[in-house]
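Encoded as structure tokens, the structure appears first; notes follow it.
Any read-out appearing in this document is the output of simple, stated calculations on the displayed coordinates, not a laboratory observation. Note that the coordinates shown come from a computational prediction; the quantities given were computed from them, not determined experimentally. Every residue, glycine among them, receives a Cβ derived from its backbone with ideal geometry; neighbour counts consider all protein chains shown.
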Amino acid sequence: MKKIILASLLSVSLLGASTAAFADDKATTTGDVEVTGGALKLTKNTASLSFGDVTVQQLLGADSSVPTTATGTGLSEEVQDLTGSDKGWVLGANFAGLYARGDADKKIVSQATLSIDGTPLAATGADVKKTTDGKLTGKTDASKIVMNVPKTTQVGKYSGDINWTLTAGPDNGVAATTTNVAPAAE
């Protein structure tokens, strides 16, 4: 009987020791960090394009217009998206036509058309580049930028503007920049 009592006392003392080792004595510290977003912007864009000369002889021989491609290195774009929204963005552009250089009112004197990489730019705009990963450093070769100079264009020097718009998500429009196009007509 002494052995049973001794074994019982030994068991109770071990259970007491193990209970003390696993006591509910825990604590939690929470660390906070905030990630803040930035802006969506067109950080680099070609400021001007030049197109080759169009002659009166070319205009007279045309059905409706004379296509001419940009000269030089073409267009380059760089978009920086620091919004952190993962919504992507769209780079759009519009082109309303040409105006005579020196015309203070920039009155459109012909309805020239312009296309970039096969996308015609309407006066109301068109999507030129899209992405869902938020990054772009792009280039459009000059040979893929085509202006159609209408047959009715008078002799003179003309310019036109490509107006770029950068949009992120459905409601986050950011006005971007303008590229001046300058075809010369004889």
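Brief remarks follow.
- Virtual spin-label span in nm between Thr131 and Lys157, 7 Å along Cα→Cβ: 3.6 nm
- Hydrodynamic radius of region 25-142 by the Kirkwood approach over all distinct alpha-carbon pairs: 18.0 Å.
- Computed E for Ala47/Gln111 - FRET, C-beta separation, R0 22 angstrom, nearest 0.05: 0.35
- If the convex hull is drawn through the Cα atoms of region 82-157, its volume per residue in Å³: 137 Å³
- In sequence order, calculated HN-Hα J values of region 111-117 (Karplus, 6.51, -1.76, 1.60; Hz; x Gly/Pro): 9, 5, 10, 9, 10, 10, 6
- Two-decimal log10 I(q)/I(0) for region 32-96, as the Debye equation yields it once each C-alpha is a single scatterer, q = 0.17, 0.23, 0.26, 0.27 Å⁻¹: -0.81, -1.07, -1.18, -1.21
- Net lengthening on full extension, Val33/Asp63 (0.36 nm per residue, minus Cα-Cα): 4.3 nm
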